[in-house]
Amino acid sequence: MATKHGSRGKNQQTISSIIGENEKIIEIVNATSITKDKTKAKRCFIVVTHLKGSHLNYSIFVINQSKDVLKLRYRFALIELNAVDFLASDDSRLDFLLKFNEDKVLHYACDAWEKKKKFLINLYKLCKNKLPKEALPVFKNVNTQMLEETVFLSATLKGMENDSPNPSENVEPEYKLKYLTKEEELDLEQVCKACQWETESAEEFIAKITMELSGLDKANIHSIMNVEEEILKLFETMDDAIKKLDTLDESLNEYSEILTREESRILDISDLSSNHSVRVANNQKLLQKTQDLLQLLSLPVNLEDLDTLNDYNLESFSQAVEVAQSRVDALAGHELQELHCVQEFMINCRAFLKTVPELLYADLDEKLRKDWQGKHRARHINVARFTSLLNWCKDFDPVMFNAIFQSYEASIQKCYAKEISNFFKDKVGTIQKRSNLDKGFSFAGKSNSSTSTMDISASKQSFRGSLSNIRGSIGSVDSVNIKGSGDSMATYQTQSENNSKFDNLFCKVLDFITPLVVDEEDHLNEVFGIPFMEDIPTDASDNEIRTRKDENTATNNILIKLFGAKLDQELQQLIEVSYKVDPYYSLYMYLRLGKPSHNQEGSVFLKRFYSSCLIIVKRQFDQFIKNQVAQIGETKAHKSKRCGILHCVHKYEHFVRDTERLFDRKLERRTEIEKGYITLLEAVFFAIDRISKEQQKVPPEVVMIENYHHLTELMKSMSLSCLSELQRKAAKLYETNLNEYVTVKLGNPIEKISAFFLGVKQSLSSAVRPEEVGFQINYSRSVLKSIIKQYPLKDVRRSIENYLNKIEKHLCEEEDMYERVGSTYCHSILSQVTEYQGLMKSCYPDSGVQFEFREEDIRRLFDVRISQKKGSSV
């Protein structure tokens, strides 16, 4: 034990030397730090100190202990302590948390619960007594009442030891928390120095103050005894005042009794006046009721005179019905409805109202049975004059209203059937007039009846048929696109005019249908109260969905009964006839039916109707694309000496340009058109590859070069994102075949020189040094000189001219590729010459061997040839 106490004393001495001699140790506890890595846990001392000579300078030190060595780890001011977490209010845990400013958290554990409790309670007392309220730390997971009782008990015991008369005053929290500031401490020290106060003279000062207080008490007693007589006089005066108050109270009681009697008299008079006012008000109300009743019993017209309904008295009739119905509704719950005159008036009004639906039915039925002249708008205006009566009849007599509406349906259905039939008969006849022409937008070189979708026998006029194959294109076509295609400008212009006429005709059809349906829907809603068909919102409730479906179904059935079936039959017949006349018309119909201006007029019925037609047109368009792909597969090369741009390439260009002229790039259904672009272009690629191999007039690479160049330029000018991948493919095929043509198929004007230097490059690649190449027999300087002598400037120039003539012979004038191909060929030769000159400098230095021609000679030859070519074309 002695050794243990000795070790503790030695540690405290070491701790005092670490924290400083001016720091007084108030509390110390031995603990263990808790970390994630348990192997790194260390023993330490948590020390609470007070700086001597200062009132508020309290600190918390953490000193680590490693074997017998103590080392300062942390130092915090007591005021920096933010929170103390006991982690458990009972003795189940020995660890605790100390949280300081800047989010610094220390986690330690004591050896025993009593040590932890003692340390934290002492820390709480110190914070409670020495820190201001706003700086007090938060104590978590602890019984606060236990802490307060501990602090109070400690303060009480301390007061008892000091013989304090009132120990509770020594632990008053408010008194303990009133700390002096630094300025106040300085002032107090100066006052003490000025008065020369010392601790030894405190008792003398207290005794002096006690004697002064005793003297003041004696003086107060003497002053009270001197004013005794004046106090007695004051008491006598107060007695007289009380007697006078009693007399005044008796007088007030008498006055109160008098006021009570007068109040009762006034109330009696008020009751009499109130009864008179009530009588007058009742008479006024009775008079007003009588006047209102007389007004209700009076009608602006005589109902007995309105025994028939016609165009002349329609306004008076409608007014009489409205007034009579309002009078009946007003008198139904009237206070005076039991009067004989009221009952007789209501009987007359109801009898009149009961006859109105029959009169309305008879008049409207007579008018509806007559075949009203004019368009549907005029018929709507005639029926709309009865709107107020029909709305009234719908609620008053639903059975008669249904009869009137059925009569209207039967009559208007006949009118619409006649109007729709006449309209479509004229339009279908206009389209069928073109049935004698050759049909089909053909990508093939000539019309092929086996791939046509129409059931019409092949025409014997093959020449006329071959010219009219291209009639599917629309819009303007420039002379560059027409040249070399075998088609005349007149044919394209005629076809463009015919297609524009069909486009205008189909737009007129849709412009006829749309207002026809929309006006009828508006008329049914305004006159007969038939609700519009509306799309059901996604967030609607089950009841709303059910109600809206029922209303839509009822309205849809009415519209179908009026003109839906006839309209659908006529429009589908027109679509089929148009497709038979020219399958390319499906593109026009697809465009017009897919535009919002026709299929989104606010009419759900129209939207559904156009959507069903759009499905048919979409199938026709798909079949049209399929047939064109088959025709592209049968495309033949031109019979001319130069193959040139294929017919299917020209047709594809016309198809894309004219379709883009018609279609809006923001069209919702544009995806289907772009799919058609891609499908047809892929078929054109296959056709180019096939025809280039089949024809025997020019090298296959020439066909590839001209046609892929044409397609690449087309796609660049159109800027269609859907064709970007195929555009890159066409450009790559163009470049590949161009390089193949100029380097392999065309021929080399310095063939032996090229073969010689090819062997030189092979020798260099086999690890032969450049200066040793000339020592080989096959690649000596003499061999090189003899080969170069075989290619004088005159022969090289003649050879290049021959190859340029061959290029001109292979290429067609339509695409004008001569300058581009010739330039590539010239660049290929010049690059060879430049490479060979470099090899001569490295392998045959100081030999003086040079070509008899120069690069400038070859370049000048090509420039002269291009100038001549341009001059001849002009």
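Observations, loosely collected:
- Verdict on GLU706 being modelled with pLDDT under 90 and either more than 23 Å from CYS826 (Cβ to Cβ) or open to solvent by less than 80 Å² (accessible area, probe 1.4 Å) (or both): no
- Leading residue by the ranking (farthest from GLU701 (Cα to Cα)) among those in segment 831-850 that are open to solvent by less than 20 Å² (accessible area, probe 1.4 Å) and not β-branched (Val, Ile, Thr): TYR844
- Pairs, first open to solvent by 80 Å² or more (accessible area, probe 1.4 Å) in segment 20-31, second not in a strand (DSSP E or B), C-beta under 6 Å, six or more apart: ASN22/LYS52; LYS24/LYS52
- Test: residue in segment 659-668 that is in a helix (DSSP H, G or I), more than 22 Å from VAL629 (Cβ to Cβ) and of a type outside the set (Phe, Trp, Tyr): yes
- No other residue among LYS806, LYS794, LYS870 is exposed (fewer than 12 other Cβ atoms within 10 Å of the Cβ), of a type in the set (Lys, Arg), under 29 Å from CYS643 (Cα atoms) and at pLDDT below 90 apart from LYS870.
- Within segment 93-117, tally of residues that are over 20 Å from ALA41 (Cβ atoms) and outside any strand (DSSP E or B): 5
- Within segment 539-594, considering residues that are open to solvent by 40 Å² or more (accessible area, probe 1.4 Å) and more than 40 Å from the chain's Cα centre (by Cα), the one farthest from PHE663 (Cα to Cα): LYS561
Okay, residues lined up against (1) surrounded by 19 or more Cβ atoms within 10 Å (Cβ to Cβ); (2) of a type in the set (D, E, K, R); (3) modelled with pLDDT of 85 or more:
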residue: LEU646; (1), (2), (3): yes, no, yes
residue: LYS651; (1), (2), (3): yes, yes, yes
residue: LEU667; (1), (2), (3): no, no, no
residue: LYS675; (1), (2), (3): no, yes, yes
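- Test result for TYR124, crowded, with 18+ Cβ neighbours inside 10 Å and either small (Gly, Ala, Ser) or at pLDDT 85 or above (or both): yes
- The residues of segment 66-81 include none that are more than 18 Å from SER33 (Cβ to Cβ), surrounded by fewer than 16 Cβ atoms within 10 Å (Cβ to Cβ) and in contact (Cβ under 8 Å) with a residue 40 or more places away in the chain.
The values are calculated or read from the model by the stated rules, or taken from the named source; none is laboratory data. Just so it is clear, the structure is predicted and the values come from calculations on it, not from any experiment. Neighbour counts run over all protein chains shown; Cβ positions are idealised from the backbone, glycine included. Keep in mind that these areas ignore ligands, DNA and RNA; they rest on the heavy atoms of the full protein, side chains included. Shrake-Rupley method; radii C 1.70, N 1.55, O 1.52, S 1.80 Å.
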